[in-house]
Amino acid sequence: MLGGCRSGKSRFAEEWARNRSQHRMFIATLAPGDDIEMLQRVEIHRQDRGEGWQTLEEPEDVVKILVANTGNAGVFLVDCLTLWITNLMLRNKSDQDILHEVQRLSELLAAWSTPIVLVANEVGLGIVPENAMARRFRDLAGWTNQQVAAVCDQVIFMAAGLPIRLKG
């Protein structure tokens with residue numbers, strides 16, 4: 001599930017998961033820390049999701065948390081890959097280390113049998129960022145989206161709350 005900020009991608013992903021199982025696991029990659037505004041956003045998202053979700057927070061090792069919970073849910077939702085990349089960057093991981101983690105995730109997805117939906121921002125539609133860190137982030141996010149989309153059965157792009165099927 002790809003799209004810009006406030007494109008409706010998380011809402012659409014949640015509905016997709018709801019339609020597949022009553023036993024849903026939400027893997028949150030956000031590490032809000034003590035950011036009050038971000039903590040309020042997390043709470044709003046939890047309330048919006050409603051009942052029937054088990055939520056686990058894992059800002060760094062998405063593969064590990066998925067493997068550890070194999071069989072614990074009828075569907076998984078990972079939200080979001082873009083924050084995951086941000087977390088890895090902020091932990092001073094090299095591009096090679098980050099792309100290795102993306103490769104690990106892609107290999108897991110290729111063999112994964114439980115329905116899973118992944119949410120990611122498409123950040124490469126605007127102008128070229130002015131600073132090196134922003135360009136690095138944009139590049140890593142784009143490479144991540146490409147690699148993950150290659151192994152997914154379906155890829156949906158969200159714009160203005162409307163799904164556009166790119167694959168599957």
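Could you list, in sequence order, the residues of region 66-95 that are surrounded by fewer than 19 Cβ atoms within 10 Å (Cβ to Cβ) and more than 15 Å from Gly33 (Cα to Cα)?
Within region 66-95, Val67, Ala68, Asn69, Thr70, Gly71, Asn72, Gly74, Met89, Asn92, Lys93, Ser94, Asp95 qualify.
To keep it simple, each residue is scored yes or no on (1) among the aromatic types (Phe, Trp, Tyr); (2) under 25 Å from Ala132 (Cα atoms); (3) in contact with a Ser or Thr (Cβ under 9 Å, 6 or more places away or on another chain); (4) without any contact (Cβ under 8 Å) to a residue 12 or more places away in the chain.
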site	(1), (2), (3), (4)
Arg49	no, no, yes, no
Thr55	no, no, no, no
Glu60	no, yes, yes, no
Lys64	no, no, no, yes
Ala73	no, no, yes, no
Asp79	no, no, yes, no
Leu109	no, no, no, no
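Looking at the structure I just gave you, is Val42 over 22 Å from Met133 (Cα atoms) and assigned to a helix (DSSP H, G or I)?
Yes; evaluated as a whole, the condition is true for this residue.
Ile85 passes all but one of (1) in contact with a Pro (Cβ under 8 Å, 6 or more places away or on another chain); (2) within 22 Å of Ala141 (Cα to Cα); (3) in contact (Cβ under 8 Å) with a residue 24 or more places away in the chain; (4) assigned to a helix (DSSP H, G or I); which number fails?
(1)
With the requirement that a residue be surrounded by 13 or more Cβ atoms within 10 Å (Cβ to Cβ), more than 18 Å from the chain's Cα centre (by Cα) and not in a loop (DSSP other than H, G, I, E, B), what does region 105-145 give you?
Correct list: Arg136 only.
Note down all Cβ pairs under 9 Å where the first residue falls in region 131-159 and is more than 13 Å from Ala120 (Cβ to Cβ), the second is hydroxyl-bearing (Ser, Thr, Tyr) and buried (at least 17 other Cβ atoms within 10 Å of the Cβ), and they're at least six residues apart or on different chains.
Every condition considered, the pairs that remain are Ala150/Ser106; Val151/Ser106; Ala159/Ser7.
All of the numbers you see were taken from the coordinates with simple rules; none came from a lab. What you see is a predicted model, and the numbers here were worked out from it, not measured in a lab. In this analysis, Cβ positions are derived from the backbone assuming ideal geometry, glycine residues included, and neighbour counts consider all displayed protein chains.
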